[in-house]
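Notes follow once the structure below has been shown.
What follows draws every value from the coordinates through simple rules; no lab data is involved. Because the structure is predicted, anything quoted here is derived from the model rather than measured. Cβ sites come from the backbone with ideal geometry, for glycine too, and all protein chains shown count toward neighbours.
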Amino acid sequence: MTLRLFDTYARAVRDFEPLDPSEVRMYACGPTVYDYAHIGNLRTYVFEDILRRVLEFNGYQVRHVMNITDVGHLVSDADTGEDKMELGARRAGKSAWEIADYYTQEFRQDLNRLNILEPTIWCKATDHIPEQIEMIRCIEAKGFTYRTSDGIYFDTSHLADYGHLARLDTSGLRAGARVDKGEKRNPTDFALWKFSPPDQKRQMEWDSPWGIGFPGWHIECSAMSAKYLGTFFDIHCGGEDHVPVHHTNEIAQTEACHGTRLANFWMHGHFLLFEQAKMAKSAGDFLRTQTLIDRGYDPLAYRYFCLGAHYRAKLSFTWEALDAAATALQRLRTTAHDWGQPGKANLTYVNRFKGQINKDLNMPRALAVVWELVKDDLSPSIKKATLLQFDRVLGLRLAEWQPEEAVIPREIMALVEEREKARSAKQWKDADELRERVRQAGYEIEDTPKGPKIKVAKQERF
RNA sequence: GGCGGCGUACCCAAGUGGUUAAGGGAGAGGUCUGCAAAACCUCGAUGCAGCGGUUCGAAUCCGCUCGCCGCCUCCA
């Protein structure tokens, strides 16, 4: 069964064939660690995680590289703004290095909460300054650079097919219409190396053949991916917003230096919408995994929610939809738990599931197969084993889930016992009154053949 | 202004030319229960923003209209 993936470069779904049969090499653009990640950012990492798991499900070994951008990402892409790291540091009254460490750890916690597998290799931009300088020298030697008063720039007019990934119509771009072009020769030119301001000592700066300064944003990905994956690898992915600038420029740099378009497949996750607009850090509502936890949600409910939509479609976040996901996930967990020990997986179902995930990661359809399995009258042990196979891709931690043993306060237990006495005496009115008192205290009584079960009442969320 | 995309039931969302328009949640009815809850069963869009067109056949292709969003500014 062939794995088919959408390639932004070709604007088409293509059969996936690894360049090297022994290992699939993928690079995913990581975070700029100057602030927390919001759940919109994290949707893209969920998509990349699914991609990786689907590759592994297909039997490939995956070398997954992710960068940490801890320098050089300017506030404005006109290459004129302040470095986000320096800005974040000043705002927090800490050093840029401390800020980077802090938000890197927070990001890794987010990944863990969403059961996103960590990359095989993490790489920080600041750990690879020599590699970046070397690549800029390479680009310079091939004649693609020029110098301005504030840095070394890439001359995009030297590349005949610059912007192909984004289908950029460079002649139609209105130079300087919204952004001051500065000393740039072409509106699409971008900085490879920025000089430190002459009157100012930056926290992050390095010596280079061109002067003291720091690398531009795009060069780190080209340089580090070349180091860890080679100059032409299988898949490069990121958010859809990276298509027109960041990935376009990565390709330009690599084409100039190595003569390849960097990756065989370019894949992009689409935005999460919140109140009909893309979730943005600038807008007030900035939801994080911690926000969800504070509201009483398991972060994996958000993961399940993401699986309900195709990665190449915008997804509207609503609390009602997250509730739906949380409920569905909980049902899946309890049902699977009740199935007991896994036996042998059902191959027909596994193949149907695989058919969906291999169709450009059609997770909504894959979930439909999941629910069909749940309702099927196969034996519980077969269903359990089959579902656990699915979970290698779904990543919902279904195998390790256990019903929560809530700690019930003694006074609540006393009320429950009292109610049991009333019930055995068939004093229904008293029993119902006691149930109500327990509910007022925030607990629900569920009568089962084995006696009453007490749970923490579901929170009202609105 | 230019370019790209979207509009499917109460909510989220598959489906992109051909059997009865996936799935989840909510809701309604039912089974069970002293009552509830949970669970299970059943139901749910004769229609896919609107209007035209192409076709034996369209949610799916084309045109127009309306509404929304993204990119061209930092951005997952």
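Observations on the model:
- 21 Å Cα-Cα threshold exceeded, pairs from A:Lys94/A:Lys124; A:Lys278/A:Lys359; A:Lys124/A:Lys194; A:Lys314/A:Lys384; A:Lys84/A:Lys194; A:Lys354/A:Lys384: A:Lys278/A:Lys359; A:Lys314/A:Lys384
- Estimated inter-spin distance, A:Asp241 and A:Asn351, nm [label 7 Å along Cα→Cβ]: 4.4 nm
- Low-density loop cleavage sites - chymotrypsin sites (Phe, Trp or Tyr not before Pro) in region A:125-167, where at most 12 other Cβ are within 10 Å (DSSP): none
- Alpha-carbon centroids, region A:139-164 and region A:391-413: separation in whole Å: 56 Å
- At R0 = 22 Å, FRET efficiency that the Cβ-Cβ distance of A:Gln61 and A:Ala313 yields, to 0.05: 0.15
- Dipole-positive endmost among A:Leu315, A:Thr148, A:Ala368 within chain A (Cβ charges, Cα centre): A:Ala368
- 0 to 90° range, to nearest 10: angle between helix A:319-338 axis and chain A longest Cα axis: 60 degrees
- When chain A is described by a simple charge dipole with +1 on each Lys and Arg Cβ and -1 on each Asp and Glu Cβ, the residue from A:Gly239, A:Thr126, A:Gln61 located farthest towards its positive end is A:Gln61.
- Part-to-part distance (alpha-carbon centres) for region A:343-379 and region A:213-265, which is given in Å: 36 Å
- C-alpha long axis of helix A:410-424 to longest principal axis of chain A, angle in °: 40 degrees
- Using C-alpha pairs below 8 Å separated by at least 6 residues, the relative contact order for chain A is 16 percent.
- Residue-span extension gain [A:Leu273 to A:Thr335] - 0.36 nm each, minus C-alpha spacing: 19.2 nm
- For the pair A:Arg185 and A:Ser22, label points projected 7 Å from Cα toward Cβ lie 4.3 nm apart.
- Calculated SAXS-style log₁₀ I(q)/I(0) at q = 0.09, 0.13 Å⁻¹ - chain A, Debye, Cα scatterers: -0.69, -1.20
- Taking each DSSP H run with n ≥ 4 as -39500 (n - 2.57) and averaging over every residue of chain A yields -12500 deg cm²/dmol at 222 nm.
- Between A:Met135, A:Tyr9, A:His158, the Cα set farthest toward the positive side of the dipole of chain A (charges on each charged residue's Cβ, about the Cα centre) is that of A:Tyr9.
- Applying a DSSP loop filter and a limit of 14 other Cβ atoms within 10 Å to the trypsin sites (Lys or Arg not before Pro) in region A:255-331 leaves A:Lys281, A:Arg295, A:Lys314.
- The packing ranking of peptides A:14-21, A:134-141, highest mean first, is A:134-141, A:14-21, where packing means the average number of other beta carbon atoms within 10 angstrom of each residue.
- Annotation for A:Ser157 and A:Glu444: the two label points, set 7 Å from Cα along the Cα-Cβ direction, are 6.8 nm apart.
- Between 0 and 90°, nearest 10: helix A:96-113 axis offset from chain A longest Cα axis: 40 degrees
- Trypsin sites (Lys or Arg not before Pro) within region A:390-436: DSSP coil, no more than 14 neighbouring Cβ in 10 Å: A:Arg397, A:Lys426
- Residue-normalised convex hull volume from the C-alpha trace of region A:318-462: 141 Å³ per residue.
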